[in-house]
Every structure is written in C-alpha cells, then in structure tokens.
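Heads up: the structure comes next, in structure tokens.
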Amino acid sequence: MARQVVHKSFQEINARIKSGQVVVVTAEEMTKIVKDKGPEAAAREIDVVTTGTFAPMCSSGALINFGHSVPGIKASAVTINNVPAYAGLAAVDCYLGATEPCLDDPLNKVYPGEFNYGGGHVIQDLVAGKAVYLKATAYGTDCYPNRALEKKVTLNDLPNAILCNPRNGYQNYNVAVNSTQKTIYTYMGTLKPKMGNANYCNAGELSPLLNDPYYRTIGLGTRIFLGGGVGYVTWHGTQHRFAVDRAPNGTTLRPAGTLWVMGDLKQMSPRWLVGVSMQGYGCSLAVGLGVPIPILNEEMARCTGVSDQEIFTQVIDYGQDYPNGRSESLAQVSYAELKSGAITVRGQTIHTVPLSSMVRAREIAETLKGWIRKGEFLLGEPQFTLPMESGGR
C-alpha cells in the first residue's frame with residue numbers, strides 16, 4: 001500500500017481553528033510527540049506548534065506620534081522622560097530606541113558609562129499606563145511656527161504608538177565566556193575572568209526560528225505574539241543571514257536568521273516589555289515573542305520535534321576574540337548541556353547563566369496555544385517567506 005503524504009494548507013488549518021477542531025501543542029510538547037510517534041504520525045495529528053522566547057532584544061523601539069500642537073510644530077529634537085528620541089521623520093513623529101540612555105541618569109554621575117534608565121524603560125512605563133514627560137523643540141517654519149512643546153502624556157493620549165523592532169528572535173546565538181584576567185561587561189552580561197561563567201541567550205527547543213530552520217512558514221505577514229499582544233513579522237531582521245553551518249536536523253550552529261517585527265503598543269503589557277539595565281553596557285528591552293508554526297507536512301513536524309540535545313551553538317571568547325571581530329569557537333555545546341547548569345570547555349567546567357527566561361518562554365507558548373484553541377488567533381500566511389540568502393532580498 002502506497003504511503004500517503006501529509007499535506008495541509010494555511011487555509012485548512014485556519015478553518016480548523018475557526019471550527020474549534022484545531023490540535024495545537026507547544027514546541028516542548030511536540031518534541032515528545034515526535035519522539036514517541038515519529039514525524040509522519042505527528043504531522044497527521046498536530047496542526048500548529050507554538051514557540052516562545054523572552055530575553056533582552058537590543059534592536060527594539062517604538063514609533064510614536066505625539067499629536068499636533070496649536071500652533072503646529074515640526075519637531076527637530078524630542079526627549080521622553082529625558083531620553084532622546086529621533087525626530088527626523090515628520091512633524092510630530094519620533095522613534096524611541098530601546099538602548100538610548102537618559103541624558104541625566106543619576107547612576108551615570110556616580111559611575112560614568114553606567115545607566116539605569118533608558119528607552120526600554122520608557123516603553124515599559126508607557127505600556128504600564130504611566131505618564132511620561134515629552135519635550136520637543138523645533139526651528140520653526142511658516143507652516144509649523146511653534147518652536148517648543150512640553151507636556152505629560154500617557155499611552156492613551158498618543159494618536160499612534162507602534163512597537164517596531166528591526167532585529168528580534170535571533171536564530172541561535174553565541175555562548176559568551178571571558179578568558180582574560182579581568183571581569184568584563186557586555187551585552188551578554190557580566191563575564192568573570194578566567195572563564196568563570198558562560199552566559200547564553202536562547203530558549204533552545206522553544207525558540208521560534210530553531211523550529212523552522214529553513215524559513216518554510218515564516219515571513220511577511222506572519223501573525224505572532226508580541227509584547228503580550230498580537231504583532232506581525234514585517235520583514236527579515238537586520239543582520240539576517242542563511243546559515244551554512246548546520247546540524248543534521250537543519251538547525252543552525254551559529255547566529256543566523258532574524259525577524260523584523262511590529263505591533264500596536266497599545267495592545268501590549270509591561271509583563272512582556274520590560275526595560276532592563278545591563279551593568280557596564282547600558283539599557284535594553286526584554287521582549288516577549290512567540291511564533292506559531294503550522295504543521296503543513298511531515299518536514300515541519302520533524303523540524304518542530306527537535307530537542308535541546310540536538311541543538312548546538314558555539315562558545316565564543318568575549319574577552320579577546322569578539323571585540324576584535326573574531327568568532328573562533330572554543331567549543332560546541334548543546335542546549336541540553338547549557339540548561340543543565342554547566343558545560344565543559346577545554347577541560348574546564350564552567351557554570352552557565354541564561355539571559356533568557358525559560359519560564360516566560362513556556363508561558364508565551366502556552367498563551368499562544370490558548371488563543372489558537374479558543375479561535376481568537378488565526379495564522380497569518382506570509383506573502384513571502386524569509387530569504388534563504390544572507391543579507392536578504
């Protein structure tokens with residue numbers, strides 16, 4: 001008897017969501033199903049797999065329209081809670097970057113180069129419903145004669161506020177160690193000397209792009225969980241590349257694909273957009289992001305069935321190699337090893353420290369699963385999927 005090939009479409013899966021007949025599981029659950037039943041049976045049984053990640057994502061920010069004044073103003077400089085926002089967009093539009101520090105941060109006065117408040121914190125304050133202080137200055141024109149504007153605003157006061165993150169959801173990432181004799185401070189956190197710790201920042205088998213390693217289902221128009229609300233993939237992220245170095249299961253062995261994501265900030269939550277301050281590095285924003293993966297065929301079942309034991313990444317020396325543009329791997333380790341709490345690098349046992357939260361990643365995947373089961377969230381079929389070549393289209 002000929003083997004029947006499993007094939008489903010986005011439309012068929014969405015119809016199952018609307019009818020309440022959809023079968024949806026998290027990526028962790030799918031790993032067990034594929035192990036027990038195999039990818040063919042899993043593809044027949046499961047319609048959607050949900051993923052999740054929650055971690056600092058420095059390439060994040062918000063496009064904000066703060067409304068026209070009377071008389072009108074064409075802002076040339078804007079600060080929000082004394083954090084500069086880029087104003088070269090139009091009359092009253094600005095972009096607030098997550099890593100932009102406050103101009104008068106008290107911590108910076110005591111410890112130069114240290115900041116405890118920045119753009120990411122302003123975004124969290126806004127979604128928490130707090131009032132922020134906005135100041136705009138301008139050079140004045142005939143059509144926009146006003147030269148200064150100051151006011152307190154809340155998120156509800158803003159005509160438009162859009163979370164716009166040019167690079168999120170990295171497909172795999174480095175493990176950071178420091179082989180030098182002194183402590184260093186990086187975007188991967190504080191690294192002790194003599195490889196005293198190893199920091200990593202990925203959810204492993206729950207991570208979105210590790211569950212679709214060849215970008216078969218993700219692209220322009222993919223609907224996602226973003227910051228506690230509904231968002232979209234709107235382009236491939238900056239620094240996106242298609243990795244050549246891959247494990248037999250297709251997962252990348254180094255940092256590769258990225259997502260450009262957007263969504264209505266007014267839908268989002270301070271639980272899932274959290275301003276963070278990293279010692280010696282600066283400010284950032286921890287972002288909650290989850291992507292549903294439709295199980296269109298056996299291949300997608302196999303991809304979403306990948307386990308932490310089968311996903312590998314590289315240990316990089318951030319004390320010597322990384323600052324000098326080198327990425328020589330000191331060791332290749334699995335996410336199962338990383339999550340165990342210790343890895344071995346060149347005979348040395350090193351304690352591991354996650355910068356991403358597995359607890360929050362699981363909660364995102366479960367939340368997204370609940371939305372789909374209730375028929376509240378349909379899959380967005382991409383107009384085109386992420387590019388397979390480095391650098392994008």
(request) Only residues that are basic (K, R) and touching a residue at least 24 places away in the same chain (Cβ under 8 Å): list them for the stretch 4-44, please. (result) K8, R16, K18, K35, R44
(message) Filter the stretch 316-363 down to the residues that are among the hydrophobic types (A, V, I, L, M, F, W, C), within 20 Å of P208 (Cα to Cα) and touching a Ser or Thr at 6+ places or on another chain (Cβ under 7 Å) and list them by number.
(response) V333, L338, A361
(message) Here is a check on your reading of the model: is T234 under 15 Å from the mean Cα position of the chain (by Cα), within 25 Å of A62 (Cβ to Cβ) and crowded, with 18+ Cβ neighbours inside 10 Å?
(response) yes
(request) Considering each of E381, E366 in turn, give the residue that is among the acidic types (D, E), in a helix (DSSP H, G or I), out of contact with any Pro (no Cβ under 8 Å at 6 or more places or on another chain) and over 18 Å from M195 (Cα atoms). (result) E366
(request) Would you mind telling me which numbered condition in (1) polar (S, T, N, Q); (2) touching a helix residue (DSSP H, G or I) at 6+ places or on another chain (Cβ under 6 Å); (3) over 30 Å from S277 (Cβ atoms) T53 fails? (result) (3)
(message) Going by what's in this entry, would I364 be described as buried (at least 18 other Cβ atoms within 10 Å of the Cβ) and farther than 24 Å from M57 by Cβ?
(response) no
(request) Find all pairs meeting these conditions: Cβ atoms under 6 angstrom apart; at least six residues apart or on different chains; first residue within the stretch 227-250 and among the aromatic types (F, W, Y); second residue assigned to a loop (DSSP other than H, G, I, E, B). (result) F242/M388; F242/E389; F242/S390
(request) Kindly indicate the residue of the stretch 287-324 that is more than 19 Å from L191 (Cβ to Cβ) and small (G, A, S) and also nearest to the chain's Cα centre (by Cα) among those meeting that condition. (result) G288
(request) Give the residue that is farthest from the chain's Cα centre (by Cα), with candidates limited to residues of the stretch 138-161 that are in a loop (DSSP other than H, G, I, E, B) and among the polar types (S, T, N, Q). (result) T141
(message) Residues that are touching a Gly at 6+ places or on another chain (Cβ under 8 Å), surrounded by fewer than 18 Cβ atoms within 10 Å (Cβ to Cβ) and not assigned by TED's automatic domain parsing to the domain that holds A98, at least 1 per element: which helices (runs of 4 or more DSSP H) completely within the stretch 9-80 meet that?
(response) 10-19, 27-37
(message) Suppose we filter D142, D125 for residues that are surrounded by fewer than 15 Cβ atoms within 10 Å (Cβ to Cβ) and of a type in the set (D, E); which single one remains?
(response) D142
(request) Tell me which residues, restricted to the stretch 96-137, are part of a strand (DSSP E or B) and under 16 Å from G275 (Cα atoms). (result) L96, G97, P101, G118, V132
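The values are calculated or read from the model by the stated rules, or taken from the named source; none is laboratory data. Worth saying up front: this structure is predicted, and the values here are computed from it rather than measured. Cβ sites come from the backbone with ideal geometry, for glycine too, and all protein chains shown count toward neighbours.
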